[in-house]
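One structure is given below, encoded as structure tokens.
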Amino acid sequence: MVSGLTFSKTISRAGYQIFETNDYPSLIRGGHNVVSVSICDQEIKAAYKPVDLLVALNKETVELHRNELSCHSVIIYDGKDYQLTKGDFIPDIKLCSVPLLSLAKGQGGNILTRNTVALGASMAVLGIDFKLLTSVIDDQFIKKGEAVVKQNISAAKVGFDYVRKNYPKLAFGLINKPAVSPQAVLTGCEAISLGAIAAGMKFFSAYPMTPINGIITYLASVSKKMGFIYKQPEDEIAAINMAIGASFTGVRSMVATSGGGFSLMVEGLGLAGMTETPLVIVMGMRPGPSTGLATWTGQGDLKFILNASQGEFPRLVLAPGDLQEAYNLTIEAFNLADRFQTPVFVLVDKFLCESRRTINEKELTDFPIKIDRGKLINKNSSISFEKNRYRRYELTDDGISPRAIPGLNLPFIANSYEHDEYGFSTEEEQMIKKMVEKRRKKQYGADQLVPQPVVYGNPTAEVTLVGWGSTKGVVQEAIRQLGNKVNYLHLNYLNPFPSAAVGKILSQAKRVIDIEGNSTAQLALLIREKTGFEIKDKILKYNGRPFYPEDIIAEVNSLITI
């Protein structure tokens, strides 16, 4: 993965756009790992299947990926380790035998250093200026010391020179071109992390679990510099309870987990709902049930998140589809949590969490950040209360009560029982009814704020594709090739749900196809529940692998010919 990041950053500095994905097994003993990078001279929003350059560090890699090779592919491999012949492949495959391990050892390195040798060889095949790779290696390894930097640059250089000397005509001929503006290379986890920092998060707790570990590693690395607390507790139950406690004191708080971890957090979710404590929860989906496919992707937890915990209380669910939405909607999640004093989910999946892509820095830095703390009482608030008569759960027209924090001499009780306006436990029927209705009012208020969903492509297209979350970029790439006959309705507010707008769009569509990473079409079920519109045609994928544009194109063409 370090080599993949180094590769992607180098290509980015050459002025190109990238989309990087990774696959790895959930085995402690390891297994076959692969990083795939798609390169384009314009914005690219998804990964593509064909492999033009395959760096195979063992023969198993060749066997596992040979069916993905294009007609003009190049394979970089270590001919001293295993042999390949052109007769084993379709015509025009070019073999580039490089003694990766021996070149690495010649620079004082080991088996890990051959990755750096392979990076140098790759840049020679692609035609990328070696100085760009040098600059990335320097940034990547500078914390490990100058000696490590020099060794890796030397290792990359011998790989680069070996290909240039022994395969002088073997080059794709990419030209270095200056980027229009500075580009960042980010994962979804990093975009969420940046959004949380920008929103003023001051407490983050999480127990490690794929696919949200990237949030942990990034936020842990900058917590002291940025002035917030990161706490890794003993389990997910402690994580959510710590985050609720931190939010109770008035600081913006976030917790992150995956499906199995969230299963442990559900009782805490109910506690936040009953005590009306703001909380942002990042939920990274992966296939289940149970441990399921721990390192693969899926969209199977939507109904779980919408209905988790006993009883009825509002929770808001936002599902970003790309880096910009991951950043923006995380900021919005904190504002909504404070405004409505309720849990807010940022629902993502492994594909979005761990994939990398280039993004124009202005797409993040130009986003107007507005901090809305809602009805939070502080020392400077104009709201005043009679001493010892503060009603934390005051019955208001919008269901949202003025919220005090410790230290303001406004004591109240907050526990998991149903309560009256002061927080005292109650089983009195009229008060119970009023409190249930009070919390429901907040959901009604949130419903009025949901933005209109976006339809990408030709508004009068013959086919309307519908999707949510990380399918966004894949479908957008597919539409480029499908043309004006297809458009795409993208949904990232799933609760509150834009029922009226979605119902109107779909009722006017000529043909509708649902696209989801689960086996039961959970979004289609939600659309039917909210609008009454039934989507009959569906493209579903539930084998742990992400969608590719080629998948969408083939399935759409197949359906519209029926």
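Is region 63-83 home to any residue that is of a type in the set (A, V, I, L, M, F, W, C), under 14 Å from G159 (Cα atoms), out of contact with any strand residue (DSSP E or B) (no Cβ under 7 Å at 6 or more places or on another chain) and free of Cβ contacts under 8 Å to residues at least 40 places away in the same chain?
No - not one qualifying residue is present in region 63-83.
Would you mention how many residues in region 84-104 are touching a residue at least 60 places away in the same chain (Cβ under 8 Å), assigned to a loop (DSSP other than H, G, I, E, B) and more than 19 Å from V35 (Cβ to Cβ)?
Number of matching residues: 1.
Name every residue in region 416-448 that is surrounded by fewer than 14 Cβ atoms within 10 Å (Cβ to Cβ) and either in contact with a strand residue (DSSP E or B) (Cβ under 9 Å, 6 or more places away or on another chain) or among the aromatic types (F, W, Y) (or both), in order of residue number.
Y417, F424, S425, Y444
Do we find a residue being under 25 Å from L279 (Cβ atoms), basic (K, R) and surrounded by 13 or more Cβ atoms within 10 Å (Cβ to Cβ) anywhere in region 193-208?
Yes.
Look at S193 and say whether it is on the phi < 0 side of the Ramachandran plot, part of a helix (DSSP H, G or I) and of a type in the set (S, T, N, Q). Before you say what the answer is, go through the steps one by one.
Values: on the phi < 0 side of the Ramachandran plot: yes; part of a helix (DSSP H, G or I): yes; of a type in the set (S, T, N, Q): yes.
Spelling it out, S193 is indeed on the phi < 0 side of the Ramachandran plot, part of a helix (DSSP H, G or I) and of a type in the set (S, T, N, Q).
I'd like to verify a number: residues in region 21-35 that are within 18 Å of the chain's Cα centre (by Cα) and over 19 Å from I552 (Cα atoms), how many?
Matching residues across region 21-35 total 4.
Name every residue in region 211-231 that is in contact with a strand residue (DSSP E or B) (Cβ under 7 Å, 6 or more places away or on another chain) and closer than 18 Å to C353 by Cβ, in order of residue number. I'd like the intermediate steps shown before the answer.
Step one: filter region 211-231 for residues in contact with a strand residue (DSSP E or B) (Cβ under 7 Å, 6 or more places away or on another chain), giving 211-212, 214-216, 219-220, 223, 228-231.
Of everything in region 211-231, those that are in contact with a strand residue (DSSP E or B) (Cβ under 7 Å, 6 or more places away or on another chain) and closer than 18 Å to C353 by Cβ turn out to be P211, I212, G214, I215, I216, L219, A220, Y230.
From the list G399, G467, G457, pick out the single residue that is within 30 Å of L347 (Cβ to Cβ), in contact (Cβ under 8 Å) with a residue 12 or more places away in the chain, surrounded by 20 or more Cβ atoms within 10 Å (Cβ to Cβ) and in contact with a Pro (Cβ under 9 Å, 6 or more places away or on another chain).
Step by step, each of G399, G467, G457 is checked, and only G399 is within 30 Å of L347 (Cβ to Cβ), in contact (Cβ under 8 Å) with a residue 12 or more places away in the chain, surrounded by 20 or more Cβ atoms within 10 Å (Cβ to Cβ) and in contact with a Pro (Cβ under 9 Å, 6 or more places away or on another chain).
If I filter region 105-132 down to residues being free of Cβ contacts under 8 Å to residues at least 12 places away in the same chain and part of a helix (DSSP H, G or I), which single residue comes out as surrounded by the most Cβ atoms within 10 Å (Cβ to Cβ)?
Of everything passing the filter in region 105-132, K105 is surrounded by the most Cβ atoms within 10 Å (Cβ to Cβ).
Write out, first by first residue and then by second, each pair whose Cβ atoms fall under 6 Å of each other, whose residues are 6+ apart or on separate chains, and whose first residue, in region 353-381, is closer than 18 Å to G188 by Cα while the second is crowded, with 17+ Cβ neighbours inside 10 Å and of a type in the set (F, W, Y).
The qualifying pairs are R357/F19; L364/Y327.
Confirm whether L186 is in a loop (DSSP other than H, G, I, E, B) and either touching a residue at least 40 places away in the same chain (Cβ under 8 Å) or within 30 Å of Q42 (Cα to Cα) (or both). Before you say what the answer is, go through the steps one by one.
Values: in a loop (DSSP other than H, G, I, E, B): no; either touching a residue at least 40 places away in the same chain (Cβ under 8 Å) or within 30 Å of Q42 (Cα to Cα) (or both): yes.
No: the conditions fail for L186.
Residues of region 5-33 being surrounded by 16 or more Cβ atoms within 10 Å (Cβ to Cβ) and basic (K, R), which ones?
Within region 5-33, K9, R13 meet the criteria.
Give region 124-158 a look and list any residue that's closer than 24 Å to S73 by Cα and either among the basic types (K, R) or within 34 Å of the chain's Cα centre (by Cα) (or both), or say none.
Of everything in region 124-158, those that are closer than 24 Å to S73 by Cα and either among the basic types (K, R) or within 34 Å of the chain's Cα centre (by Cα) (or both) turn out to be A124, V125, L126, G127, I128, D129, F130, L132, L133, A156, K157.
Return the only residue of V255, V280, V251, V266 being surrounded by fewer than 23 Cβ atoms within 10 Å (Cβ to Cβ), under 15 Å from F345 (Cβ atoms) and not small (G, A, S).
V266
Does E236 fit the bill of being of a type in the set (D, E, K, R), farther than 30 Å from L119 by Cβ and surrounded by fewer than 19 Cβ atoms within 10 Å (Cβ to Cβ)?
Judged against the criteria, E236 is not a match.
Report every pair of residues separated by at least 6 positions or lying on different chains whose Cβ atoms are under 8 Å apart, first residue within region 544-562 and farther than 26 Å from G284 by Cβ, second part of a helix (DSSP H, G or I).
I553/A478; I553/Q481; I553/L482; V556/A478; V556/L482; N557/L482; I560/K485
So which strands (runs of 3 or more DSSP E) are wholly in region 31-81 and hold at least 2 residues that are farther than 30 Å from P182 by Cα?
Passing ranges, in order: 69-77.
Kindly indicate which of R339, R392 is of a type in the set (K, R), closer than 19 Å to I244 by Cα and not assigned by TED's automatic domain parsing to the domain that holds M285.
Working: R339 fails: not assigned by TED's automatic domain parsing to the domain that holds M285.
Being of a type in the set (K, R), closer than 19 Å to I244 by Cα and not assigned by TED's automatic domain parsing to the domain that holds M285 holds for just one of R339, R392, which is R392.
Of all residues being among the basic types (K, R) and over 22 Å from V34 (Cβ atoms) in region 341-379, which is surrounded by the fewest Cβ atoms within 10 Å (Cβ to Cβ)? Just the residue, please.
Among residues in region 341-379 that are among the basic types (K, R) and over 22 Å from V34 (Cβ atoms), the one surrounded by the fewest Cβ atoms within 10 Å (Cβ to Cβ) is K379.
Among (1) closer than 22 Å to F304 by Cα; (2) surrounded by fewer than 17 Cβ atoms within 10 Å (Cβ to Cβ); (3) among the hydroxyl-bearing types (S, T, Y), there is one condition S181 misses while meeting the rest; what is its number?
(1)
I need a count of the residues in region 152-183 that are closer than 16 Å to T134 by Cβ and in a loop (DSSP other than H, G, I, E, B).
1
The values are calculated or read from the model by the stated rules, or taken from the named source; none is laboratory data. What you see is a predicted model, and the numbers here were worked out from it, not measured in a lab. Please note: Cβ atoms are built from the backbone with ideal geometry, for glycine as well, and neighbour counts cover all protein chains shown.
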